[in-house]
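A short write-up of the structure that comes next.
Any read-out appearing in this document is the output of simple, stated calculations on the displayed coordinates, not a laboratory observation. This one's a predicted model, so the numbers in the text were calculated from it and none came from an experiment. Note: ideal-geometry Cβ built from the backbone for every residue, glycine included; neighbour counts use all protein chains shown.
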Amino acid sequence: MASTEYTIEAIQSAPFGEMSYVAWRRGQGEALVIDPGFDAEAILDLLSRQGLRLTAILNTHGHVDHIAGNAAMKQAYPDAPLIIGCNDAALLSDPQANLSAPFGFPLTSPPADQLVADGERLEAAGFSLEVREIPGHSPGSVVFVCDQFDTPFVFGGDVLFAGSVGRTDLGGNGPQLIAGIRAKLFNLPDATLVLPGHGPITTVANEKQSNPFVGERAGFHEIGPS
């Protein structure tokens, strides 16, 4: 995904098909990595090929497929802060909570360097990102909203997918997740791009109209203004 002002490259990693993102502004030489997964080598190779210095590691939440590459990122770029929502930070050091132990490969991440909360704004690598906490898939999942360009975009983690939402059967909360999507994603401009943690990019408009779990088919129109 590219514009005249920035480039965002997606890297999909097995075994969960998780999408990591590397984002950089044209001509600035700095990059963000969002949710580094199991294929840390591919992420580091991309940074090297593009001549980019990693300036921040963002975790949308603390599940294993989204944090598996944190250690490799910190080893290669120790000065890049690891950033996660304040209510998911505990998952980094807890193999049960981050779901690595239940899947048979206990894994922990380096601790967070910075915790963020709902409504805060991050400035890194030329991007301005608003933090919006939308729990329900995990205890403190956050999305990062970039509204500085003509077409806004969101690093959405496992909150909202093309035609689906994050699973809530592993200690999550379905009603909480749906309420958060409607309140904190569906109030963004319709053209806003959603870059999810799994699957293809979608838009707010598409999901409002057709998402069977949270869109109009699921009664989204009923919560609008009367």
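Structure above, values below:
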quantity	calculated
Mean shadow area of region 19-151 over all directions, Cα convex hull, nm²	7.8 nm²
Expected 222 nm ellipticity per residue - DSSP helices of 4 or more, -39500 (n - 2.57), all of the chain, to 500	-4500 deg cm²/dmol
Contour excess over end-to-end distance, with Cα ends at N173 and R49 and 0.36 nm allotted per residue	40.5 nm
Kirkwood-based Rg to Rh ratio, the chain, C-alpha trace	0.95
Cα-Cα separations in region 134-226 greater than 22 Å, expressed as whole percent	19 percent
Coarse-grained scattering of region 79-136 at q = 0.30 Å⁻¹, given as base-10 log I(q)/I(0) from a Debye sum over alpha-carbon atoms	-1.17
Spin-label pair A162/A117, simplified geometry with 7 Å Cα→Cβ offset, distance in nm	3.7 nm
R217 versus Q75: modelled label distance in nm, points set 7 Å from Cα along the beta carbon direction	4.4 nm
